[in-house]
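The values are calculated or read from the model by the stated rules, or taken from the named source; none is laboratory data. Only a predicted model underlies this, so the values are computations on that prediction, with no experimental measurement involved. Cβ placement follows ideal geometry from the backbone for every residue including glycine, while neighbour counts extend to all protein chains displayed. All accessible areas refer to the heavy atoms of the entire protein, side chains included, with ligands and DNA or RNA removed. Shrake-Rupley method; radii C 1.70, N 1.55, O 1.52, S 1.80 Å.
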Amino acid sequence: MGSSSSTYRPKCVYLDIDGRIQKVAFSKYCNSRDIMDLFCIATGLPRNTTISLFTADDCMVSIDPTMPANSKRTPYKVRPVATRQQTEKEELFQNLLVQVIEQFSRVFKIDELKTEVVNHLAMLEKRVELEGLKVVEIEKCKSDIKKMRDEMAARSTRTSCPCKYSFLDENKKLMPRRDVPSYPKYMLSQETIEALRKPTFDVWLWEPNEMLSCLEHMYHDLGLVKDFNINPITLKRWLLCIHDNYRNNPFHNFRHCFCVTQMMYSMISLCNLQVKISQMDILMLMTASVCHDLDHPGYNNTYQINARTELAVRYNDISPLENHHCAVAFQILAQPECNIFSNVDKEQFKRIRQGIITLILATDMARHAEILDSFKEILDNFDYSNEEHLIRLKMVLIKCCDISNEVRPMEVAEPWVDCLLEEYFTQSDREKSEGLPVAPFMDRDKVTKPTAQIGFLKFVLIPMFETVTKLFPEVEEVLLQPLWESRDRYEELKQIDDAMKELQKKKNESLAIGSKEK
């Protein structure tokens, strides 16, 4: 802190005076004469004696403030050269010089002190500034705490709407980025373009900016940008705003959005849908996939309803999350800079909007049986020219993509199970702390990975994909085979788990019997 003078140390040298070692210390402000006088005093010689210093190998050492320091083991030998008597004038002149030197020394020291004072002042000013900021932060915290207490007091008096938390308080998330989007255009290789059309695509290998570029490529590749006159810059801004409005949940995050959309893109290609349904239907399927979990809070509909959250109250317990996803999707599209449908006419937009809403609402798993059964009813006489048939097909397609992780290779699918269980366990822990009902398949004390997946595969995934492959038999091997293999693998894991539990049970019983006998 301050100038270097506060940490300055004098120089020390060692002198050999007839075999006696003498340590001498002097300041950097001494001149050669002062140092020589100091050495004379140390050696017992008169002050006006001229002396020379020599190293162990008889090298003469210059006597001045910059002379090299030595150690006790390597002292300088002192040799007197001559002694002379000073005249009165010389002595007077020398005393004058000493006084001048002292005055200069004081001046230099004053400058150094000034520097040190300035540095200390700067440091103190910085501390004052920081303390001032702390005071501001403390006042802000006090204000926030007061607001929270007021809100809690207000909520405690409500009987009809005990909401747990609010959504989309940060309206800035919905504001589009007016500048040219900052994420770099990722140049897709031909290999990546081909892989992107297959369910085996590894969604874990890509950074957010690369996933955004892949989504952008899909819209171009499917001809949606051209057919609906979508401004490419608007498409970029829309995708960025979509990304910003997915939360960092373990499972329901932007990577899940990309995963679902990429599977939809794969199914469009594998089932050759572009020659069977309209481009408007393709646009609905892709856009609904991108938007289907916007602003998901990480707690499912059951929690929303049981906890009587803001969303559950707002949507009367009817698919609160899916309704919220739709609302956020169209709030984003309401921004002119993010409206990818700005160049379609009103009638087209009305159809597109209704189609997207229908598809996102279909992702509510509470409606699974209803939607699948309604599709099975028309399956034997499916007609691509029938609008109702197409709606039911699109609803089943987005449901397939939404829960399609097990269709992917094991190394891609399995991490998703861990992510989903982490989100489930967080919810069940909160439900326990709030005294709410806990679903067994979400309870960390009851569920295991094999038990969680076997039932889901056997009773949800496989029956739904078997139904879809009846309409598209050409994809049975690609879509169903991985599901069968996944089911068999988890059943084997469950058998191993059960065997280990039985073994541990017998071991515990043996230990208990042994302790009783003792």
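Say we look at the stretch 422-467 and pick out the residues that are aromatic (Phe, Trp, Tyr) and under 30 Å from Asp373 (Cα atoms); which of these is least open to solvent (accessible area, probe 1.4 Å)? So that I can check it myself, show each step before the final result.
Our first condition is that a residue be aromatic (Phe, Trp, Tyr); within the stretch 422-467, this holds for 424-425, 441, 456, 459, 465.
From what is left, the residues that are under 30 Å from Asp373 (Cα atoms) are 424, 441, 456, 459, 465.
On the way: Tyr424: 55, Phe441: 107, Phe456: 66, Phe459: 153, Phe465: 2 Å².
This residue is Phe465.
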**Complete:** When every residue in the stretch 190-225 that is closer than 22 Å to Asp244 by Cβ and among the charged types (D, E, K, R) is compared, the one surrounded by the most Cβ atoms within 10 Å (Cβ to Cβ) is Glu216
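Yes or no: Leu321 touching a residue at least 24 places away in the same chain (Cβ under 8 Å), open to solvent by less than 10 Å² (accessible area, probe 1.4 Å), under 24 Å from Leu222 (Cβ atoms) and in contact with a helix residue (DSSP H, G or I) (Cβ under 8 Å, 6 or more places away or on another chain)?
Judged against the criteria, Leu321 is not a match.
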**Request:** Would you mention how many residues in the stretch 334-364 are open to solvent by less than 10 Å² (accessible area, probe 1.4 Å) and among the aliphatic types (A, V, I, L, M)?
**Result:** 6
**Of residues in the stretch 47-74 being at pLDDT below 80 and either among the acidic types (Asp, Glu) or under 22 Å from Gln99 (Cβ atoms) (or both), the one least open to solvent (accessible area, probe 1.4 Å)** = Asn48
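Table: residues versus (1) among the polar types (S, T, N, Q); (2) over 25 Å from Tyr265 (Cα atoms).
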position: Val313; (1), (2): no, yes
position: Ser319; (1), (2): yes, yes
position: His325; (1), (2): no, no
position: Glu347; (1), (2): no, yes
position: Ile360; (1), (2): no, no
position: Phe375; (1), (2): no, no
position: Asp383; (1), (2): no, no
position: Glu387; (1), (2): no, no
position: Lys394; (1), (2): no, no
**Request:** Among the residues of the stretch 6-41, write down those that are in contact with a helix residue (DSSP H, G or I) (Cβ under 7 Å, 6 or more places away or on another chain) and within 24 Å of Asn95 (Cβ to Cβ).
**Result:** Val24, Phe26, Tyr29, Asn31
**Item:** Of all residues in the stretch 303-327 being part of a helix (DSSP H, G or I) and among the charged types (D, E, K, R), the one that is farthest from Leu359 (Cα to Cα)
**Value:** Glu310
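Do you know which of the residues in the stretch 261-270 that are buried (at least 19 other Cβ atoms within 10 Å of the Cβ) and of a type in the set (A, V, I, L, M, F, W, C) is farthest from Pro199 (Cα to Cα)?
Narrowing the stretch 261-270 to residues buried (at least 19 other Cβ atoms within 10 Å of the Cβ): 261-268.
Subset that is of a type in the set (A, V, I, L, M, F, W, C): 263-264, 267-268.
Working: Met263: 6, Met264: 9, Met267: 8, Ile268: 11 Å.
Only one residue fits best here, namely Ile268.
Residue by residue, here is whether (1) closer than 30 Å to Pro297 by Cα; (2) out of contact with any Gly (no Cβ under 6 Å at 6 or more places or on another chain); (3) without any contact (Cβ under 8 Å) to a residue 12 or more places away in the chain; (4) not in a loop (DSSP other than H, G, I, E, B) holds:
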| site | (1), (2), (3), (4) |
| --- | --- |
| Glu414 | yes, yes, yes, yes |
| Phe425 | yes, yes, no, yes |
| Gly455 | yes, yes, no, yes |
| Thr469 | no, yes, yes, yes |
| Met500 | no, yes, yes, yes |
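Of everything in the stretch 14-70, what is assigned to a strand (DSSP E or B) and within 13 Å of Pro80 (Cβ to Cβ)? Give them in sequence order. Give the steps one after another, and end with the answer.
Step one: filter the stretch 14-70 for residues assigned to a strand (DSSP E or B), giving 14-17, 20-26, 49-54, 60-61.
Correct list: Leu15, Ile17, Thr49, Thr50, Ile51, Ser52, Leu53, Phe54.
Kindly indicate which of Phe258, Phe251, Phe228 is more than 22 Å from the chain's Cα centre (by Cα), in contact (Cβ under 8 Å) with a residue 24 or more places away in the chain and surrounded by 16 or more Cβ atoms within 10 Å (Cβ to Cβ). I'd like the intermediate steps shown before the answer.
Numbers: Phe258 fails: more than 22 Å from the chain's Cα centre (by Cα); Phe251 fails: more than 22 Å from the chain's Cα centre (by Cα).
Matching residue, one of Phe258, Phe251, Phe228: Phe228.
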**Message:** Would you confirm whether or not the stretch 280-289 contains a residue that is open to solvent by 10 Å² or more (accessible area, probe 1.4 Å) and free of Cβ contacts under 8 Å to residues at least 40 places away in the same chain?
**Reply:** no
**Within the stretch 167-187, considering residues that are of a type in the set (Ser, Thr, Tyr) and surrounded by 11 or more Cβ atoms within 10 Å (Cβ to Cβ), the one modelled with the lowest pLDDT** = Tyr183
**Prompt:** (1) under 37 Å from the mean Cα position of the chain (by Cα); (2) hydrophobic (A, V, I, L, M, F, W, C); (3) surrounded by 16 or more Cβ atoms within 10 Å (Cβ to Cβ); (4) in a helix (DSSP H, G or I): which one isn't true of Val475, the others all being true?
**Reply:** (1)
**Request:** Determine whether Cys419 is within 19 Å of Ile277 (Cα to Cα), modelled with pLDDT of 95 or more, surrounded by 14 or more Cβ atoms within 10 Å (Cβ to Cβ) and of a type outside the set (Phe, Trp, Tyr).
**Result:** no
**Prompt:** Val81 versus (1) surrounded by 12 or more Cβ atoms within 10 Å (Cβ to Cβ); (2) in a strand (DSSP E or B); (3) not basic (Lys, Arg): which is the lone unmet condition?
**Reply:** (1)
**Message:** Return the residues of the stretch 339-385 that are under 17 Å from Leu397 (Cα atoms), aromatic (Phe, Trp, Tyr) and part of a loop (DSSP other than H, G, I, E, B); say none if nothing qualifies.
**Reply:** Phe382, Tyr384
**Prompt:** Which of the residues belonging to the stretch 386-412 are of a type in the set (D, E, K, R), in a helix (DSSP H, G or I) and within 30 Å of Pro297 (Cβ to Cβ)?
**Reply:** Arg392, Lys394, Lys399, Asp402, Glu406, Glu411
